[in-house]
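First the structure, in the form of structure tokens, and then the observations on it.
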Amino acid sequence: MDWSSIYPAVVLTVGILGVLLADLLTKGRKPLVPIGMTIACLLGAAAWALLLDTSGTTVLGVLVVDKFAVVFTVFCCVTGAITVFATMRGEAFRRPGGEFLVLLLTAVLGMNMLAMSADLIVLYLAFETISIPSYVLVAMRRADAKSNEAGLKYVLFGAVSSAVMLYGLSMLVGLIGGTSLEALAMAAQTPVTTQPMFVVACVMIFAGFAFKISAVPFHFWAPDVYAGAPSSVAGFLAVASKAAGFAALIRVVGATVTAPLQPLGDALGSLWPQGNVWFGILAIAAVLTMTIGNLAALRQREIKRLLAWSSIAHAGYMLLALAVWSEASLAALLFYMVAYLFMNLAAFLLAGISIRELGTGELSAMRGLGRRHVGLALAFAVVLFSLTGLPPFFGFVAKLQLFYAVFDQGFVWLGVIGLVNGVISLYYYARVIAAMYLQDDDDEKPAKTMKLAVPDAMLCMFLVAPVLVFGVLWWGGLWDWAVVVVRDLPYIVGAGS
């Protein structure tokens with residue numbers, strides 16, 4: 001066994017202990033020391049992951065190291081590092097304490113394990129390693145009633161979905177006679193998939209995934225949690241936690257990709273590939289998630305709640321790629337996630353800065369922002385247009401690839417519903433832009449001119465620049481890379497591509 005395959009996880013574990021020790025020794029008087037250690041550990045783990053042998057090395061039979069695992073490890077580590085910077089510049093903390101950093105590192109460690117999971121037990125433990133620190137991160141502002149309410153709701157919904165998922169996993173393990181994804185793939189070739197209990201188990205397991213990616217019907221926690229949590233934490237949950245959930249979902253669905261649902265297979269085959277039970281669940285969840293997310297966002301009057309419902313809708317778009325299951329659609333999903341990283345982190349960062357400067361997240365307070373701070377409003381407008389999917393931004397290219405893959409597989413009805421939802425999203429994103437540029441502040445007092453600090457401007461530029469660069473210039477190379485990563489996955493060949 002090549003132990004170097006788990007060195008990124010070792011780096012994160014050492015970082016957790018090191019930050020705890022540094023915070024204890026300095027007694028919080030030198031907060032930049034644990035902050036620097038955290039960022040160094042996250043970037044070090046990402047760099048080490050890029051050096052790993054991605055030939056599909058198996059560690060202890062429960063973790064697999066391939067290009068797919070490396071990509072999501074780097075993805076989550078980079079998101080964690082950006083979250084630390086954003087926390088220092090957002091509305092909640094100026095300098096996060098050692099406990100915040102330890103919880104963040106622990107969550108990223110769980111995401112690393114989840115992306116590499118080749119065993120159902122390890123997958124569940126990784127889920128919990130992500131969830132438990134996330135509960136505390138959301139509720140760390142103890143004096144804030146909204147934060148406390150958000151943390152409580154997050155725990156309750158998380159506990160219910162975790163219990164349902166665990167019960168489903170126990171049923172599935174009993175049916176397939178093992179806990180590994182390899183055993184699941186072998187069982188998919190047998191009549192066990194025709195049993196009603198197999199369908200019930202898949203539905204219950206999806207409940208856990210749906211909670212992690214905030215998909216309907218386990219999405220109710222997201223708006224309150226995102227609104228009550230610091231903007232940086234909300235962005236972290238909306239991007240890194242969701243990406244890790246999709247990584248694990250791809251592995252589980254891939255292991256059962258050849259399992260038809262009989263005797264309904266013939267009837268369902270015209271709607272999704274081979275009448276597969278997973279594809280049916282994913283198609284229904286995709287339609288409900290993006291539709292409910294977009295319709296609910298139309299009524300929001302607070303920026304973080306609007307972004308929360310928007311993130312739910314984007315989870316629906318990404319579920320479309322899994323529902324049609326082809327090499328092109330999975331590559332489009334990976335491509336979309338990279339775009340989503342920059343767009344969503346930038347959106348929550350800009351929301352946090354706006355709340356810090358304006359004192360509130362209400363959309364009415366953003367009236368006239370385009371005149372008070374040209375740079376901040378312009379960056380916000382670029383990100384929102386990209387989230388909508390308008391050219392020439394990164395979001396346009398990402399949605400183009402995703403919807404093309406859906407139509408190319410012949411699922412016109414799914415593609416049309418997705419396009420209609422994209423049109424709906426334009427309305428609520430445009431409301432924010434209209435408030436910044438087309439509406440005047442009702443306050444009789446002179447408008448306060450805002451000026452971003454240099455660190456704020458640099459962080460915004462780091463996140464917003466790729467939205468423009470990848471949308472106009474280098475997206476072709478990124479697409480080729482996504483295809484190479486997807487082709488390295490097991491069980492992809494012949495799965496409807």
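A few notes on this one:
- Only residues that are among the β-branched types (Val, Ile, Thr) and under 12 Å from the mean Cα position of the chain (by Cα) were counted in the stretch 302-321, giving 1.
- Residues located in the stretch 23-54, provided they are surrounded by fewer than 20 Cβ atoms within 10 Å (Cβ to Cβ) and aliphatic (A, V, I, L, M): Leu24, Leu25, Leu32, Val33, Ile39, Ala40, Leu43, Ala47, Leu50, Leu51
- Matching option when the condition is touching a strand residue (DSSP E or B) at 6+ places or on another chain (Cβ under 6 Å) and either among the charged types (D, E, K, R) or farther than 21 Å from Gly245 by Cβ (or both), among Gly361, Gly370, Gly352: Gly361
- Residue, nearest to Pro133 (Cα to Cα), within the stretch 1-22, restricted to residues that are hydroxyl-bearing (Ser, Thr, Tyr) and surrounded by fewer than 20 Cβ atoms within 10 Å (Cβ to Cβ): Thr13
- Residue match in the stretch 114-122 (condition: among the small types (Gly, Ala, Ser), surrounded by 18 or more Cβ atoms within 10 Å (Cβ to Cβ) and within 19 Å of the chain's Cα centre (by Cα)): yes
- Selection status of Leu341, outside any loop (DSSP other than H, G, I, E, B), within 20 Å of Asn421 (Cα to Cα), among the hydrophobic types (A, V, I, L, M, F, W, C) and out of contact with any Asp or Glu (no Cβ under 7 Å at 6 or more places or on another chain): no
- Exactly one residue among Ser354, Ser386, Ser425, Ser364 is among the small types (Gly, Ala, Ser) and either surrounded by fewer than 19 Cβ atoms within 10 Å (Cβ to Cβ) or on the phi > 0 side of the Ramachandran plot (or both), and that residue is Ser364.
- Qualifying residue in the stretch 392-399 (condition: free of Cβ contacts under 8 Å to residues at least 60 places away in the same chain and of a type outside the set (S, T, N, Q)): no
- Test for Thr129: is it under 22 Å from Met165 (Cβ atoms), surrounded by fewer than 22 Cβ atoms within 10 Å (Cβ to Cβ) and not charged (D, E, K, R): yes
- Some residue of the stretch 310-332 being crowded, with 24+ Cβ neighbours inside 10 Å and not in a helix (DSSP H, G or I): yes
- Scanning the stretch 281-308 for residues that are within 29 Å of Val199 (Cα to Cα) and either outside any helix (DSSP H, G or I) or touching a Pro at 6+ places or on another chain (Cβ under 8 Å) (or both) returns a single hit, Leu288.
- Thr193 within 18 Å of Gly280 (Cβ to Cβ), hydroxyl-bearing (Ser, Thr, Tyr) and in contact (Cβ under 8 Å) with a residue 24 or more places away in the chain: yes
- Residue within the stretch 5-12 that is in contact (Cβ under 8 Å) with a residue 12 or more places away in the chain, small (Gly, Ala, Ser) and in contact with a strand residue (DSSP E or B) (Cβ under 6 Å, 6 or more places away or on another chain) present: yes
- Condition check for Phe246: within 23 Å of Ser354 (Cβ to Cβ), at pLDDT 90 or above, assigned to a helix (DSSP H, G or I) and not aliphatic (A, V, I, L, M): no
- Within the stretch 434-464, considering residues that are of a type in the set (Asp, Glu) and assigned to a loop (DSSP other than H, G, I, E, B), the one modelled with the highest pLDDT: Asp440
- Residue pairs meeting the criteria (Cβ under 8 Å; at least 6 apart or on separate chains; first over 14 Å from Pro133 (Cβ atoms) and surrounded by fewer than 24 Cβ atoms within 10 Å (Cβ to Cβ), in the stretch 223-234; second at pLDDT 85 or above and of a type in the set (S, T, N, Q)): none
- Contact annotation: residue pairs with Cβ atoms under 7 Å, 6 or more positions apart or on different chains, pairing a residue in the stretch 324-337 that is closer than 10 Å to Val406 by Cα with a partner that is among the small types (Gly, Ala, Ser) and crowded, with 24+ Cβ neighbours inside 10 Å, are Val324/Ala405; Ser326/Ala405; Ala328/Ala405; Ser329/Ala321; Ser329/Ala405; Ala332/Ala321; Ala332/Ala405.
- Residues (surrounded by fewer than 19 Cβ atoms within 10 Å (Cβ to Cβ), touching a residue at least 60 places away in the same chain (Cβ under 8 Å) and not in a loop (DSSP other than H, G, I, E, B)) located in the stretch 132-146: Lys146
- Selection count where residues are aromatic (Phe, Trp, Tyr) and buried (at least 24 other Cβ atoms within 10 Å of the Cβ), scope the stretch 188-205: 0
The rows are residues; the columns are (1) at pLDDT 85 or above; (2) of a type outside the set (A, V, I, L, M).
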{"position": "Thr57", "(1), (2)": "no, yes"}
{"position": "Phe68", "(1), (2)": "yes, yes"}
{"position": "Cys77", "(1), (2)": "yes, yes"}
{"position": "Thr83", "(1), (2)": "yes, yes"}
{"position": "Arg89", "(1), (2)": "no, yes"}
{"position": "Ala92", "(1), (2)": "no, no"}
{"position": "Arg95", "(1), (2)": "no, yes"}
{"position": "Phe100", "(1), (2)": "yes, yes"}
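- In the set (1) within 25 Å of Val70 (Cβ to Cβ); (2) modelled with pLDDT under 90, the condition left unmet by Phe236 is number (2).
- Number of positions in the stretch 20-53 that are assigned to a helix (DSSP H, G or I), over 23 Å from Met116 (Cβ atoms) and in contact (Cβ under 8 Å) with a residue 12 or more places away in the chain: 8
- Enumeration of residues in the stretch 54-87 that are in a helix (DSSP H, G or I) and under 18 Å from Val10 (Cα atoms): Ala69, Val70, Val71, Phe72, Thr73, Val74, Phe75, Cys76, Cys77, Val78, Gly80, Ala81
- Per-region count, the stretch 470-488, residues without any contact (Cβ under 8 Å) to a residue 60 or more places away in the chain and part of a helix (DSSP H, G or I): 4
The values are calculated or read from the model by the stated rules, or taken from the named source; none is laboratory data. Predicted, not measured: the structure shown is a model, and the values here were computed from it. Neighbour counts run over all protein chains shown; Cβ positions are idealised from the backbone, glycine included.
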